[in-house]
1. Accessible area, 1.4 Å probe, largest first: how do W53, W36 sort?
2. Subtracting the Cα-Cα distance from 0.36 nm times the residue separation, let me have the gained length for H104 to S88 in nm, one decimal.
3. Hey, any idea what the orientation-averaged projected area of the convex hull of region 43-104's Cα atoms comes to, in nm²?
4. Given a 1.4 angstrom probe, I'd like the percentage of the accessible area of the chain that is carbon and sulfur, rounded to a whole number.
5. Under the rule a/c < 1.5 gives rounded, and otherwise a/b versus b/c splits prolate from oblate, where does region 1-67 land using the Cα gyration tensor?
6. Among L107, L18, L86, determine the one that fluctuates most according to a GNM of the chain built with springs between C-alpha atoms less than 10 Å apart.
7. Quick one: Karplus J couplings for region 2-14, per residue in order, coefficients 6.51, -1.76, 1.60, θ = phi - 60°, nearest Hz, x for Gly and Pro?
8. Can you tell me the convex hull volume per residue for the chain, based on C-alpha atoms, in Å³ to the nearest whole number?
Amino acid sequence: QVQLVESGGGLVQAGGSLRLSCAASGHTFSSYAMGWFRQAPGKEREFVAAISWSGGSTYYADSVKGRFTISRDGAKNTVYLQMNSLKSEDTAVYYCNAKASLSHYELPFGSWGQGTQVTVSS
């Protein structure tokens, strides 16, 4: 089973940027579709972005399209989430996710990291 460790969260002003990283270990990274989800207080975990095992296909929630970019580096077994033009509503704990395939990429199942807090001040 793959182990995931997120980093890069923090406090940022609205309009600012952050880059989250997720380091994978314990299994063949290239065989997994990877994604990011987030969960705000009192809300359900929601899909943010996903990327295929090859990196050739990416998917985004409508709320982040055009502002966030997901990418992966196979040599470093790491997936990234570049977040620009951050808004207060982006405040949440962000979780890295690994799935065996991109089927149902938007659903919250698979392997998870421990999460990293992102707080956007207005």
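The values are calculated or read from the model by the stated rules, or taken from the named source; none is laboratory data. From a predicted model like this one, the values you see are computed outputs, not experimental measurements. All Cβ positions, glycine included, derive from the backbone under ideal geometry; neighbour counts span all protein chains shown. Please note that ligands, DNA and RNA were not included when accessible areas were found on the heavy atoms of the full protein model with its side chains. Shrake-Rupley method; radii C 1.70, N 1.55, O 1.52, S 1.80 Å.
1. From most accessible down to least: W53, W36.
2. Working: separation 16, 0.36 × 16 = 5.76 nm, distance 2.77 nm.
Going from the current span to full extension adds 3.0 nm.
3. 4.8
4. Working: 2970 of 6100 Å².
About 49 percent, which is the carbon plus sulfur part of the accessible surface.
5. Verdict is prolate for region 1-67.
6. Judging by the Gaussian network model, the answer is L107.
7. Running phi through 6.51 cos²θ - 1.76 cosθ + 1.60 with θ = phi - 60° gives 7, 9, 10, 10, 8, 7, x, x, x, 9, 9, 7, 4 Hz.
8. Working: hull volume 11.0 nm³, N = 122.
Spelled out: Cα convex hull of the chain, divided by residues, is 90 Å³.
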